[in-house]
Amino acid sequence: MLYHRIRTRYAPSPTGFQHIGGIRTALYCYLFAQKHKGELVLRIEDTDQKRYVEGAEQYIIDACNWLGITFNESPFVGGQHAPYRQSERRERYQTYAQQLIDTGFAYYAFDTPEELDAVRKIAEDKGAAFLYNAQTRHQMRNSLSLAKEETQRLLNDGVDYTIRFKIPENRTVSFYDHIRGEVSFDSEQLDDKVLYKADGWPTYHLANVVDDYLMQITHVIRGEEWLSSTPLHVLLYEAFAWDNVMPQFAHLPLLLNPGGKGKLSKRQADKLGFPVFPLAWYNTETGENSNGFKEMGFFPDAFVNFLALLGWNPGTEQEIFSMDELIEAFDLDRVHKAGAKFDFEKAIWFNQQYLRQKCEDELVQLLKKDARANNFSEQKLRLLVKMYKERVSFLHEIWTHAVNIVGDIQQYDEKMIAKRWQKDFVPIFEKLAQLFNHLQEFSSGNIDTCLQNFIHDNELKTGNVLLPLRLMLTGESSGPHIPDIAAFLGKAEVVERMESAMRNWG
Ligand code: GLU
């Protein structure tokens with residue numbers, strides 16, 4: 001590697017909505033680039049026009065923005081290697097494909113899709129997969145098997161062709177992978193992959209390698225599914241005589257279903273009730289709706305923390321990491337080889353930890369984004385946060401936990417009332433209601449003192465006062481600190497709830 005500055009890239013194809021595996025790749029690229037004070041490029045690999053999905057590019061940006069993954073260069077912020085959409089770089093790939101033809105590393109292939117299907121079928125019938133390679137390429141219709149004049153005639157006639165890479169015979173292609181160590185492939189296993197298609201577009205392989213070179217990428221960090229393409233990429237670097245600037249590779253482990261069997265799939269996740277997408281999306285073509293972690297109520301910092309540990313560990317017991325701490329601790333050598341089991345409960349645990357760590361001010365501001373907050377003053381929202389912060393994993397769960405105090409009581413715990421309410425408590429609670437009525441400032445602190453004095457002065461059992469009072473104010477037998485609940489409800493509502501309970505409970 002000759003370059004001085006570390007440059008990595010996230011190179012998604014906008015062929016669908018990026019699932020969390022893709023976003024984890026983006027996160028690792030970001031952490032790596034930041035750690036080494038390098039640069040991260042976002043390159044949109046949109047050469048497969050047939051698989052282009054409207055909105056997928058914006059989705060990638062939105063998901064990265066949500067998580068705080070930023071790019072030094074991208075189609076949106078530009079950069080010295082622009083454009084960053086492969087569809088806007090088309091003529092470059094043509095030039096490089098031509099260069100490989102001219103130097104003998106690639107050749108024209110005129111086989112029609114039907115002809116290819118036919119040879120594939122013959123191989124399949126024999127129980128094998130067809131490989132277009134040194135053993136078979138001479139039986140096919142290409143510039144290596146045809147006479148020079150015939151090739152020229154076909155080209156002049158404008159017959160459809162593809163350009164294929166000529167995989168060398170008897171080669172062991174080796175490269176170093178940061179996660180897997182030395183990896184070797186026998187060239188007999190490789191296929192003369194198409195680099196340039198009949199429709200005039202490059203394939204992923206050509207465009208990816210050409211752009212990594214032109215964009216001076218030093219580290220390619222991507223999913224394990226690309227490992228088997230890497231020997232071809234290595235051979236391409238050699239063929240272009242770019243091997244002195246070939247990037248280093250790191251292939252990230254797969255994300256597995258919670259049980260550890262198979263790649264994390266949307267089907268399995270749907271069954272278990274969790275999303276596999278960072279953000280919700282709606283597919284206009286199929287009418288399919290998918291939930292996202294953001295919409296479920298995950299905090300971006302908690303989600304980043306969770307995601308970072310899916311496939312990497314810091315080598316210590318520490319689990320909670322801010323983005324800055326992740327940048328500091330991240331190391332490709334500590335990324336696991338084995339697949340990472342997705343653990344939704346753990347994701348929830350992270351969110352809960354972050355919720356507890358956040359200050360009330362921040363939580364109040366976040367709570368305000370919910371329309372349900374419009375009915376309450378800032379002070380009441382603060383009380384809500386204080387009361388439920390330790391009791392929920394997601395901020396929005398406050399509304400369900402507090403359902404009986406943010407609105408009317410939905411249901412009383414009748415069993416508990418039957419067990420713990422006695423008719424002769426009435427005078428006691430009437431007296432308490434009066435005391436409340438006379439409280440000047442109906443604050444949590446004042447209510448608390450008032451209650452304690454009341455219990456003490458009247459020589460009452462704490463449980464005989466607090467539990468019935470809780471039932472009166474919330475209908476429930478357990479929950480947050482009663483003075484907080486009372487302060488939240490306000491004097492009039494507290495007295496009203498007490499009186500109505502006494503009327504109804506007899
Ligand atoms: N466009 C490929 C993808 O969609 C990129 C693979 C790579 O990073 O080389 O994942």
### Task
Check off (1) more than 14 Å from the ligand (Cβ to nearest atom); (2) in a strand (DSSP E or B); (3) out of contact with any Leu (no Cβ under 9 Å at 6 or more places or on another chain) for Leu195 and give me the number that stays unchecked.
(3)
### Query
Mind checking whether some residue in the stretch 482-490 is at pLDDT 95 or above, exposed (fewer than 15 other Cβ atoms within 10 Å of the Cβ) and out of contact with any strand residue (DSSP E or B) (no Cβ under 7 Å at 6 or more places or on another chain)?
yes
### Task
Go through the stretch 451-481 and give me each residue that's in a loop (DSSP other than H, G, I, E, B) and exposed (fewer than 13 other Cβ atoms within 10 Å of the Cβ).
Asn458, Glu459, Lys461, Ser478
### Query
How many residues are assigned to a helix (DSSP H, G or I), small (Gly, Ala, Ser) and more than 12 Å from the ligand (Cβ to nearest atom) when one looks only at the stretch 30-58?
1
### Query
Within the stretch 1-26, restricting attention to residues that are among the hydroxyl-bearing types (Ser, Thr, Tyr) and in contact with a Cys (Cβ under 8 Å, 6 or more places away or on another chain), which residue is farthest from Ala280 (Cα to Cα)?
Thr8
### Query
Just for the stretch 179-201: of the residues that are charged (D, E, K, R) and closer than 30 Å to Trp312 by Cα, which one is most open to solvent (accessible area, probe 1.4 Å)?
Glu182
### Summary
Residue count, the stretch 300-347, condition over 18 Å from the mean Cα position of the chain (by Cα) and part of a helix (DSSP H, G or I), comes to 7
### Message
Cβ-Cβ under 7 Å, sequence separation 6+ or interchain: first residue in the stretch 1-29 and part of a loop (DSSP other than H, G, I, E, B) and open to solvent by less than 30 Å² (accessible area, probe 1.4 Å), partner within 12 Å of the ligand (Cβ to nearest atom) and of a type in the set (Lys, Arg). Which pairs?
### Response
Ala11/Arg43
### Query
How many residues, within the stretch 224-254, are open to solvent by 10 Å² or more (accessible area, probe 1.4 Å), within 14 Å of the ligand (Cβ to nearest atom) and outside any helix (DSSP H, G or I)?
3
### Query
Of all the residues that make up the stretch 299-337, how many are open to solvent by 20 Å² or more (accessible area, probe 1.4 Å) and small (Gly, Ala, Ser)?
3
### Task
Kindly list, by first and then second residue, each pair from a residue in the stretch 200-224 that is without any contact (Cβ under 8 Å) to a residue 60 or more places away in the chain to a residue that is near the ligand (Cβ under 9 Å from one of its atoms) and in a helix (DSSP H, G or I), limited to pairs with Cβ atoms under 6 Å and residues at least 6 apart or on different chains.
Val209/His233
### Query
Counting only residues that are more than 15 Å from Lys166 (Cα to Cα) and free of Cβ contacts under 8 Å to residues at least 40 places away in the same chain, which one in the stretch 86-110 is most open to solvent (accessible area, probe 1.4 Å)?
Glu91
### Message
From the list Tyr176, Tyr161, Tyr213, exactly one residue is open to solvent by 20 Å² or more (accessible area, probe 1.4 Å), under 34 Å from the mean Cα position of the chain (by Cα) and away from the ligand (no atom under 16 Å from the Cβ). Which is it?
### Response
Tyr176
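The values are calculated or read from the model by the stated rules, or taken from the named source; none is laboratory data. These numbers were taken from a predicted model, which means no experiment stands behind them. So basically every Cβ, Gly included, is an ideal-geometry build from the backbone, and we count neighbours across all protein chains shown. For accessibility, only protein heavy atoms count, side chains too; no ligands or nucleic acids. Shrake-Rupley method; radii C 1.70, N 1.55, O 1.52, S 1.80 Å.
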